[in-house]
Amino acid sequence: MRTIFSILSLVVLFACAAAYDPLDPTGNITIKWDVMSWTPDGYVAMVTMNNFQMYRHIMSPGWTMGWTWAKKEVIWSMVGSQTTEQGDCSKFKGNIPHCCKKTPTVVDLLPGVPYNQQINNCCKAGVLAAWGQDPASAVSAFQVSVGMAGTSNKTVKLPKNFTLLGPGPGYTCGPAKVVPPTAFLTSDRRRKTQALMTWNVTCTYSQFLARKHPACCVSFSSFYNETITPCPACACGCENKNRNKCVKSDSKLLSVVGVNTPRKDNSPLLQCTHHMCPVRVHWHVKANYKDYWRVKLALTNFNYRMNYTLWTLVVQHPNLNNVTQVFSFDYKPIVPYESVNDTGMFYGTKFYNDLLMEAGPFGNVQSEVLLQKDQNTFTFKQGWAFPRKVYFNGEECMLPPPDTYPFLPNSANGNLIGYSTHIVSAVLLLLLMH
């Protein structure tokens, strides 16, 4: 029995570490190295990072990339990025390399650097949008000049042990693999050129590797029941009360420690709650009409040190195959399997509510969703009206236990019309009678 249990445990750990996301099975970050020219002692390469994840982006303070050189390579210069350390370059006289470390660590440049330090798709402070949200902003690039390396595609040794922080842990990168050289079109699109050599690195994300506890939770309510189902207690780990500062919303400590004061270790300053989560998603079944039903979505930020930029909310529910209108969020269906359309991504409208601000009076965004019923499947019974899975910023949120969901009154049935609709009908009837 113990042997069987051990095997099952290993299977579970392997499945988690494999970073397979059933809602985004092909999602990954691909790092592509294109050797554009040879130099006397190495090469110049364009490095491009593409975020092919549908709903998981890299937010501030941005990505950090690392690798191990195969030989004794150095970085002579970089455009569009920089290494965090130069390393020991004492053996060089005169022309000093940009970085001499065996294991360089590279970060993006900040916006606004001089033009001679920029290149296309650089200088975004490492912020990378999700592919499903904004493909044009889901790419980052820099140029690197490598010395003391091979000078042909037969003598170049590929870097090893790639790492990616985005901005925290969670990504696992595979080995670099030589692929057919990338083709480029000239600006007039009449001539095609190609890289001298190209290799790819694929990095996938695992929430299991990223953190011990969930980073968000979900609460429920409905028009047909006064009960509000809260987030599960300690959903995001109650030991955080000791490790991370937790203060009451009216605490004088807020004025002492400073609100919206980032920390180098990204440690949150949470509002004290029973769930201890930085973000709560609330799903409220608001109304029921003859052919439609209505849901209100609200996202609340309980972290006093974090503004969530480019936030995304992914919901899995069978009736998302028939969304009629989303009122103040943008919406996009996610259909990883052609035969199943039960998942959608909500995200903020640019320059309106695409920023979920820190905890406080403005740390909340909300919208309503109108869905058309399929009379063969629609019901309010047995928690059908509530989502099956919820992700915030690509992290799966903890749902309440099913037996705590708001339930229908004994006198009601799956086809009841919302109380608000009854009132409107009664008013209309009175007007007609008079």
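The values are calculated or read from the model by the stated rules, or taken from the named source; none is laboratory data. Source: prediction; values computed, not measured. Cβ: placed from backbone, ideal geometry, glycine included. Neighbour counts: every protein chain shown. Heavy atoms of the whole protein, side chains included, go into the accessibility calculation; ligands, DNA and RNA do not. Shrake-Rupley method; radii C 1.70, N 1.55, O 1.52, S 1.80 Å.
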Excluding residues on the same chain fewer than 8 positions from K32, give the aspartates and glutamates whose Cα lies under 19 Å from its Cα. E73, D108
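At a Förster radius of 56 Å, what calculated FRET efficiency corresponds to the Cβ-Cβ distance of T105 and N376, to the nearest 0.05? Spell out each step's value before the answer.
Details: r = 56 Å, r/R0 = 1.00.
Computed FRET efficiency for T105 and N376 comes out at 0.50.
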From phi via Karplus (6.51, -1.76, 1.60), per-residue ³J(HN,Hα) for segment 293-306 in Hz, x at Gly/Pro: 9, 10, 10, 10, 10, 9, 10, 10, 9, 9, 9, 6, 10, 9
If contacts are Cα pairs under 8 angstrom and at least 6 residues apart, what is the relative contact order of segment 39-192 in percent? 35
In whole Hz and in residue order, list the ³J(HN,Hα) couplings for segment 173-183 that follow from phi through the Karplus curve 6.51 cos²θ - 1.76 cosθ + 1.60, θ = phi - 60°; x for Gly and Pro. 9, x, x, 5, 10, 5, 10, x, x, 5, 9
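If we count every other residue with Cβ under 14 angstrom of Y337's Cβ, Lys/Arg +1 and Asp/Glu -1, where does the sum land? Please report the intermediate quantities before stating the final value.
Values: positive: none; negative: D21, D24, E338, D342.
Local charge sum for Y337: -4.
Whenever you get a sec, compute what percent of the accessible area on segment 74-191 sits on carbon and sulfur atoms (1.4 Å probe).
Details: 3390 of 6500 Å².
That fraction is 52 percent.
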Sorted by accessible area with a 1.4 angstrom probe, largest first, how do M148, M59, M65 fall? M148, M59, M65
Based on the mean of other Cβ atoms within 10 Å per residue, sort peptides 49-55, 402-408 so the most packed one is first. 49-55, 402-408
